[in-house]
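Participant: The structure follows.
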Amino acid sequence: MAVRSMGSARRTLKVPPVSIRYKDAAVREVPVRQLRLADFAESKPWRDVRSVHGMTHHLGKYASVTTGGHVVYESRLELARLLLADFDPAVRGIFAQPCRLAARVSDRVRHHVPDFLLVMRSGTVRVVNVKPADRLQDPGIVEALAWPGELFRQHGWEYEIWSGADPVLLENVRFLAAYGALVWCPRRRWSGRGSRWWTVRNSPWPSIGWRVTGRLRRRGRR
């Protein structure tokens with residue numbers, strides 16, 4: 001279920017900055033009203049995703065066909081939204097944890113890191129936050145998600161709060177993910193059988209990947 005609006009947040013008191021972290025370890029601050037898609041070129045996720053023994057969160061990196069690289073996620077629900085974005089032909093770019101937004105809201109300095117930024121083929125930009133539906137019953141969570149949405153919408157970007165989708169749809173997308181990793185990987189990235197094998201073997205669902213590989217090998221497509 002996607003929710004476009006969670007109501008109006010209390011007004012911010014000044015133009016807030018957006019901090020973006022880059023692959024060369026630099027951090028740049030941009031006023032939100034001056035933020036452009038080009039500012040995310042060569043950027044990296046705001047937080048480093050590290051798996052720690054005993055951690056209850058489901059962390060990982062997803063091999064995205066859309067980006068041609070890995071996209072990080074911090075929960076199974078985030079992974080589900082990421083899969084749908086990767087299979088959506090309307091999406092041409094995906095950034096995880098793209099930035100940190102800071103603003104003074106109701107006399108308090110608040111910080112927020114969105115889960116995803118999606119670049120649409122239509123030219124629009126969509127900021128996505130993923131949150132389980134039961135947590136959206138908490139007024140504090142609703143407020144924490146509302147003020148970033150207000151700022152991004154004022155900037156002319158779309159804002160989405162996502163809590164899940166049809167389970168059958170998600171299962172189908174999960175099943176097809178391995179096929180997509182194999183079939184849609186650009187040919188220029190295939191230097192030979194080894195590269196093609198790597199794509200299947202490292203899919204998020206290895207058991208499906210092995211079945212696809214076995215079928216191709218039996219058909220003589222190596």
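The values are calculated or read from the model by the stated rules, or taken from the named source; none is laboratory data. Keep in mind the model is a prediction, meaning the values are calculated, not measured. Virtual Cβ from ideal backbone geometry, glycine too; neighbours counted across all protein chains shown. Surface areas here come from the heavy atoms of the whole protein model, side chains and all, with no ligands, DNA or RNA. Shrake-Rupley method; radii C 1.70, N 1.55, O 1.52, S 1.80 Å.
Participant: What are the ³J(HN,Hα) values, in whole Hz, obtained from phi via the Karplus relation 6.51 cos²θ - 1.76 cosθ + 1.60 with θ = phi - 60°, for each residue of the range 158-172 in sequence order, with x given for Gly and Pro?
Facilitator: Result, rounded to whole Hz: 7, 9, 9, 10, 10, 10, x, 8, 4, x, 5, 4, 5, 5, 5.
Participant: Hey, which aspartates and glutamates would be in cross-link range of Lys61, C-alpha to C-alpha under 17 Å, not counting anything within fewer than 8 residues on its own chain?
Facilitator: The qualifying aspartates and glutamates are Asp48, Glu74, Glu78, Asp86, Asp115.
Participant: Further, regarding this structure: Cross-link candidates for Lys44: which aspartates and glutamates have Cα within less than 12 Å, leaving aside residues fewer than 8 places away along the same chain?
Facilitator: In chain and number order, the partners are Asp24.
Participant: Please quote Rg/Rh for the range 109-158 to two decimal places, taking the Kirkwood radius as Rh and restricting both calculations to Cα atoms.
Facilitator: On the Cα set of the range 109-158, Rg over Rh gives 1.00.
Participant: Continuing with this model, one more query. How about the range 15-51: which trypsin sites (Lys or Arg not before Pro) there lie in a loop by DSSP and see at most 12 other Cβ atoms within 10 Å?
Facilitator: Here the trypsin sites (Lys or Arg not before Pro) that fit, given the DSSP loop and packing criteria, are Lys23, Arg36, Arg50.
Participant: Sorted by accessible area with a 1.4 angstrom probe, largest first, how do Glu150, Glu158, Glu42 fall?
Facilitator: I get Glu42, Glu158, Glu150, largest accessible area first.
Participant: Next question. Please list, in chain and number order, the residues 5+ apart from Val18 or on another chain whose amide H is under 5 Å from its amide H, with Hs placed from the backbone.
Facilitator: Val30, Val32
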